[in-house]
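Participant: Quick one: structure below, then a few questions.
The values are calculated or read from the model by the stated rules, or taken from the named source; none is laboratory data. Note that the structure is a prediction, hence the values are computed from the model and not measured. Don't worry about glycine lacking a Cβ; one is built from the backbone with ideal geometry, like all the others, and counts go over all protein chains shown. Side chains included, ligands, DNA and RNA excluded: accessible areas come from the protein's heavy atoms. Shrake-Rupley method; radii C 1.70, N 1.55, O 1.52, S 1.80 Å.
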Amino acid sequence: MKDEKCIFCKIANGEIPTNSIYEDEDFNVILDNGPATAGHALILPKEHYANLYELPEDTAAKAMKLAKKVALRLKAVMHCDGLNLVQNNGEVAGQTVNHFHLHVIPRYENDGQTILWKPTEPDDAQLREICANLKMN
Ligand code: 5GP
Ligand code: ZN
């Protein structure tokens, strides 16, 4: 399904011109137009899924396989020193476009970016309670 009002649906499906570095049946990989660093790429499924919660598992798996290919390409061509995968869900987490996308962000020594979080210091009891609530198997 496509969403007629979604800009990433239009970009991913070639209705709006963009700087695409890869395309296949399921995905388009484009350059972010407000890049954190040189080579910052976005992996976009061609179908509309608002976020990770809506993304089918097989598409999620394909997106991660593609991220690995893009990472290797960025390393080989851009000679980055490191790389972040970032994927935002919900406004509070920084999502600004409600069409699932995976950021592949090459990192360079002294690139001036800060993509990491500030660690907090929960006590053992809090961690144990959260762990018990989250147990999945
Ligand atoms: P989010 O904040 O939702 O995780 O990321 C959205 C990203 O999409 C931002 O990094 C922003 O620069 C990028 N972006 C937004 N609109 C466009 C567009 O029209 N073209 C391209 N290439 N990137 C876009
Ligand atoms: Zn869309």
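Participant: Name every residue in the stretch 26-41 that is within 6 Å of ligand 1 (Cβ to nearest atom) and touching a residue at least 60 places away in the same chain (Cβ under 8 Å), in order of residue number.
Facilitator: Listed by number, the list holds a single entry, D32.
Participant: Please go through the stretch 18-44 and give me each residue that is within 15 Å of ligand 2 (Cβ to nearest atom) and farther than 17 Å from T96 by Cβ, ordered by number.
Facilitator: Hits for the stretch 18-44 are D26, F27, N28.
Participant: Could you count how many residues in the stretch 8-46 are under 19 Å from C80 (Cα atoms), of a type in the set (D, E, K, R) and out of contact with any strand residue (DSSP E or B) (no Cβ under 9 Å at 6 or more places or on another chain)?
Facilitator: 0
Participant: Cβ-Cβ under 7 Å, sequence separation 6+ or interchain: first residue in the stretch 70-90 and touching a residue at least 40 places away in the same chain (Cβ under 8 Å), partner open to solvent by less than 30 Å² (accessible area, probe 1.4 Å) and in a helix (DSSP H, G or I). Which pairs?
Facilitator: Final answer for the pair search is C80/L74.
Participant: Which residues, taken from the stretch 1-25, are within 14 Å of ligand 1 (Cβ to nearest atom) and part of a loop (DSSP other than H, G, I, E, B)?
Facilitator: Scanning the stretch 1-25 gives K5, C6, N13, G14, E15, I16, P17, T18, N19.
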